[in-house]
Amino acid sequence: LAQFFLLFASSLAISLVFAIIPLCHNVVVLAVVMAVAGLAMGCIDTISNMQLVKIYQKDSAIFLQALHFFVGFGALLSPLIADPFLSDTNCILSNSTANASSNLPHIRKSLLPHHPGNLSHYDLPMKGMVVTRVSYAFWIMALINLPVPIAVFFLLYKERMVPCLPSSSHPLLSADELAMETRRVEKEEPPSAGQRAQAAPGHDDFFSCCQSKNFRGAPYTYFAVHITGALVLFMTDGIVGEYSGFIYSYAVEEPLSVVHKVAGYLPSLFWGFITLGRLISIPVSYRMKPATMVFINVVGVLVTFLLLLIFSHSVVFLFVGTASLGLFLSSTFPSMLAYTEDILQYRGCATTVLVTGAGIGEMVLQLLVGSIIHDQGSYSFLVCGMIFGGLAFTFYSFLLFFHRMYPKPSADLDDASPDKPSAVDATGQYQR
């Protein structure tokens with residue numbers, strides 16, 4: 001119940017934040033609003049992944065791929081919505097607006113990393129009438145998001161979870177019926193209540209995976225799987241953040257010196273192929289194991305960065321490499337999530353740890369790469385990507401090693417979960 005209400009509150013907060021952002025005339029207020037947006041998005045990310053793993057368990061890989069396809073689709077669509085409202089000229093009208101507008105390309109060039117950045121001789125008026133339509137982009141995004149909290153509230157109402165509005169209708173689908181639906185292809189009976197308690201003790205409440213009693217007697221491989229899985233996503237999601245954030249800056253710098261307008265297509269190309277890759281991964285995940293998909297992804301990322309370094313003077317291969325990198329990074333997160341939860345028998349803790357590791361990586365690696373590019377030059381952008389790809393492959397190798405050492409299931413537990421540990425009792429605690 002707490003998770004569903006938190007999902008409703010977070011999705012509603014996104015619409016409110018986007019509506020408020022254009023009204024913020026103080027940078028401190030804007031920072032607070034953006035922090036609220038970050039918290040809401042983190043809650044949505046964690047809860048949506050956790051619920052899909054909880055509901056579909058061994059079938060969750062397909063649904064996770066579908067979920068993350070829409071994540072990429074949104075990242076691709078939102079800039080297209082904002083683009084018509086962005087101005088190519090200065091947004092402040094004054095007597096020197098014409099000169100300022102012609103100076104904007106030079107100012108953008110000066111603000112790029114590893115550039116002298118002497119702006120003193122450029123005329124950019126800061127006082128006058130503000131003429132910008134960018135507020136409409138935020139309000140449109142707020143309206144587009146509004147059906148999401150409405151849909152979540154409708155589900156709460158149908159499931160009789162709204163105390164002030166009792167529903168006379170039946171719930172949409174009971175837990176037993178849902179279990180039968182997800183296992184109908186395999187012709188299996190739904191597990192009993194005792195088996196469900198053994199299979200997913202980590203889902204009993206939102207913070208159960210943080211309780212020390214659930215770690216009592218756990219083998220070291222239990223913690224190793226969590227840590228190595230999070231480190232893989234720390235690197236791969238960090239690559240997504242730093243590549244989409246700095247590929248434009250890398251392209252317009254020497255030796256490539258790509259035209260600004262052409263370089264602007266690179267982030268869109270990158271997110272476009274991430275979205276395409278996630279769409280392709282939905283049917284592929286039905287036939288291929290998550291472990292195999294993650295292996296292909298991390299090897300593909302490593303090889304792509306190596307080729308980008310070799311052909312670093314080729315503008316054509318920069319576009320080809322960007323598209324290839326987007327394809328290989330596209331399904332890493334959902335595949336790793338499905339693989340790790342399968343090892344740990346869908347206890348729920350892995351989802352929280354992996355989402356947190358991915359978020360930290362996306363934040364930290366952007367800061368790290370930005371400072372390195374500023375000090376060492378644009379070529380270090382590809383070198384950093386190569387190093388991060390190598391570390392992701394190394395951590396994944398460790399994950400495979402710890403998976404082999406993880407306790408095997410006993411015969412009396414659900415045969416549908418081949419990796420279920422034999423040392424877990426009905427309360428979710430490990431027994432020595």
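The values are calculated or read from the model by the stated rules, or taken from the named source; none is laboratory data. It should be emphasised that the depicted structure is a prediction, and the values quoted were computed from it without experimental measurement. With ideal geometry, Cβ positions are generated from the backbone for all residues, glycine too; neighbour counts draw on all protein chains shown. Side chains included, ligands, DNA and RNA excluded: accessible areas come from the protein's heavy atoms. Shrake-Rupley method; radii C 1.70, N 1.55, O 1.52, S 1.80 Å.
Which residues, taken from region 1-53, are outside any helix (DSSP H, G or I) and in contact (Cβ under 8 Å) with a residue 60 or more places away in the chain? Residue satisfying the conditions is 1 alone.
Considering only residues in region 361-379 that are open to solvent by less than 40 Å² (accessible area, probe 1.4 Å) and assigned to a helix (DSSP H, G or I), the one that is nearest to residue 236 (Cα to Cα) turns out to be 361. Checking each residue in region 317-360 for being open to solvent by less than 20 Å² (accessible area, probe 1.4 Å), under 16 Å from residue 224 (Cβ atoms) and either assigned to a helix (DSSP H, G or I) or β-branched (Val, Ile, Thr) (or both) picks out 336, 339, 340, 341, 343, 349, 350, 354, 357.
Per this entry, residue 292 is not counted among residues that are out of contact with any Pro (no Cβ under 6 Å at 6 or more places or on another chain) and in contact (Cβ under 8 Å) with a residue 24 or more places away in the chain. The condition (being modelled with pLDDT under 90 and under 30 Å from residue 340 (Cα atoms)) is satisfied by just one residue among 229, 245: 245. Residue 397 passes every criterion in (1) surrounded by 18 or more Cβ atoms within 10 Å (Cβ to Cβ); (2) modelled with pLDDT of 90 or more apart from (1). Answer yes or no as to whether residue 85 is at pLDDT 55 or above, closer than 23 Å to residue 10 by Cα and aromatic (Phe, Trp, Tyr). It is false that residue 85 is at pLDDT 55 or above, closer than 23 Å to residue 10 by Cα and aromatic (Phe, Trp, Tyr). Scanning region 58-81 for residues that are open to solvent by less than 30 Å² (accessible area, probe 1.4 Å), modelled with pLDDT under 85 and within 20 Å of residue 339 (Cα to Cα) turns up 60, 61.
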